[in-house]
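**Q** Provided herewith is a single structure, encoded as structure tokens, for subsequent inquiry.
Just so you know, all these numbers are worked out from the coordinates, no wet-lab data involved. The structure displayed is predicted, hence computed values, not measured ones. Virtual Cβ from ideal backbone geometry, glycine too; neighbours counted across all protein chains shown.
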Amino acid sequence: MRPNIITEAGIPTRLNQCWSSIPFITSGVVLICGAIYLLCLLVGYDSYDEICFLPTAVASQFQVYRFYTSVLFHGSLLHVLFNMLALVPLGTELERIMGSVRLLFLMFLLATTNAILHLTIAFLVAYNPLYPVAYLVNECSIGFSGVIFSMIVIETSLSGVQSRSVFGLFNVPAKWYAWILLVLFQFLASNVSLLGHLCGILSGFAYTYGLFNYLLPGPSFYSKIEGLSALSVCVRRPGFILCTGGTTYGQLPTYSNTSAAPSALINGNFLRNISSWMPNRQISTVQEGEDPRFPGRARTLGSAGAEPAAREASANLHARHTVANTVRADATVTADQVDTFDEELKKLVGMGFEKTQAEVALAAADGDPNVAIEILMSQEG
């Protein structure tokens, strides 16, 4: 049996491998939130009432900047640590499907809609004639968790699973997953913003049901952003994932295995498990009228071992590389990456792996042959 390169590596190598596998925007948000917290800690800044989301300040003084500053600041080490640990698997999965620019726009959209919902509900509850709850308009909220709750709803809807594991303790229906987390956090943690998390869930459902479609720009917007010369350094970064433009590589993933999936908040092997399913995937043909909520490179799972599905997957993989090369050329990415991909693919085929499976695994591993070998070996096992 071939040695497992990943598991036999040392801790620094594993950490470096783990960090390098996080896409550009997700890792950027982690670094920004972490740096802001450390800077506040070093300079002794604790005037969070100046930057938190405070409905009265937003309404009376029109301090719209609080929509976004409140998302980036955190009140304690555990606060920022837990939020970022939750963001990494969620952001990585969504960024690989949507692309880096799309995910950045999604985060901006969710932060904005969460704040608007928070503001509206706070004043409606505070000034309703039946049972006013005045403290909501004076509640100061900070943290990225509102956006994370929105992403939980979106990722759960996108995954197609029927149930989810809550902290590895018990399984719940997927449609109730975010609501159960909302209730648990209220009981398990102190100083938790119920309204902030609730608005995150509502924004996530509004997005998945298409209520924000009129706010989403067309594919040409993302292509123009990626083509800007000022951003060429970012686009060339290994973790930067190009948007698919007007062409999708497949439909939303709907999993044929409806058994419980581990929670993205808890299971550190979330991405590895997702990647290990890829050889069973069937790539569908390009569809007109892309759904603007869930664009990207997601593939539909087909029945494993079906010969017609394999032929269709092979043909579409060829089309996929043609489209991918064109997109990279538009974004000023050199063709050397394609040559490197082909060279690594030949090596994997020479090691005895089936070409189609090796190609999909290498694409899932962002061209890293070591990760691709681990994906392929997990299928053989």
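**Q** Take the alpha carbon gyration tensor of the stretch 14-236, find the square roots of its eigenvalues, order them as a ≥ b ≥ c, and report rounded if a/c is under 1.5; if not, report prolate when a/b exceeds b/c, else oblate.
**A** rounded
**Q** Any idea how far the Cα center of the stretch 59-135 sits from the one of the stretch 148-186, in Å?
**A** 18
**Q** Putting +1 on Lys and Arg Cβ atoms and -1 on Asp and Glu Cβ atoms, find which of 375, 352, 365 reaches farthest to the positive end of the dipole of the stretch 338-378.
**A** Looking along the dipole axis, the top candidate is 352.
**Q** With N denoting the number of residues in the stretch 1-140, provide Rg(C-alpha) divided by 2.2 N^0.38 Å, to two decimal places.
**A** That works out to 1.35 for the stretch 1-140.
**Q** Give me the one-decimal nm value for the distance between modelled label points at residue 78 and residue 39, 7 Å along each residue's Cα-to-Cβ direction.
**A** Here the modelled spin labels are 2.7 nm apart.
**Q** Enumerate the lysines that residue 355 could reach by cross-link, defined here as Cα to Cα under 20 Å, with residues fewer than 8 away along the same chain left out.
**A** Output for residue 355: 346, 347.
**Q** Shifting gears a bit: Highest mean first, what order results for 66-72, 92-98, 341-347, 37-43 on Cβ atoms within 10 Å?
**A** Top of the packing list down: 92-98, 66-72, 341-347, 37-43.
**Q** What order, most packed first, do the peptides 145-155, 23-33 have when packing is the mean number of other Cβ atoms within 10 Å of each residue?
**A** Highest to lowest by the protection proxy: 145-155, 23-33.
**Q** Now for a separate question. Using the Cα gyration tensor of the stretch 338-378, with a ≥ b ≥ c the square roots of its eigenvalues, what is the shape: rounded (a/c below 1.5), prolate (a/b larger than b/c) or oblate (neither)?
**A** oblate
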